Amino acid sequence: MAQARMLNKTISHRRCLTKEEYNYAWGKWEKEGMICPVCKKKGGFVPGKGIVIDGYIPFHVDHIIPLSKGGTYDLENLRVICQKCNAKKGNKLNPDQEI
Ligand SMILES: [Zn+2]
């Protein structure tokens, strides 16, 4: 009944990722070899634990199309990239951070 409220297509404000979105992004990343799709470096963040393995690069869930440019929380728009590439795109892309 209350589900219809979630289907707001024009939503553009930031929020935390849902568990499904989070798991999807990390699952895809693991399947693709735990590498950064941008710079191809190997990552070592353990999903759900937040552990960065020694010598590996920390990774973050990223929006392929930034929310500020009309990107959405669609699973298709989520990916995991390394901290360096994430930083290059700008902190404003991190859903957990305020503008
Ligand atoms: Zn990278």
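Annotations
- Per this entry, Lys49 is counted among residues that are at pLDDT below 60, more than 14 Å from the ligand (Cβ to nearest atom), outside any helix (DSSP H, G or I) and over 11 Å from the mean Cα position of the chain (by Cα).
- Matching residues in segment 74-91 - criterion: being within 15 Å of Tyr22 (Cα to Cα) and at pLDDT below 85: none
- Among the candidates Gly33, Gly55, Gly71, residue that is more than 16 Å from the ligand (Cβ to nearest atom), at pLDDT 60 or above and either outside any strand (DSSP E or B) or not β-branched (Val, Ile, Thr) (or both): Gly71
The values are calculated or read from the model by the stated rules, or taken from the named source; none is laboratory data. The structure presented is a predicted model; accordingly, all values stated were derived computationally and were not measured. Cβ coordinates were reconstructed from backbone atoms using ideal geometry, including for glycine residues, and neighbour counts include every protein chain displayed.
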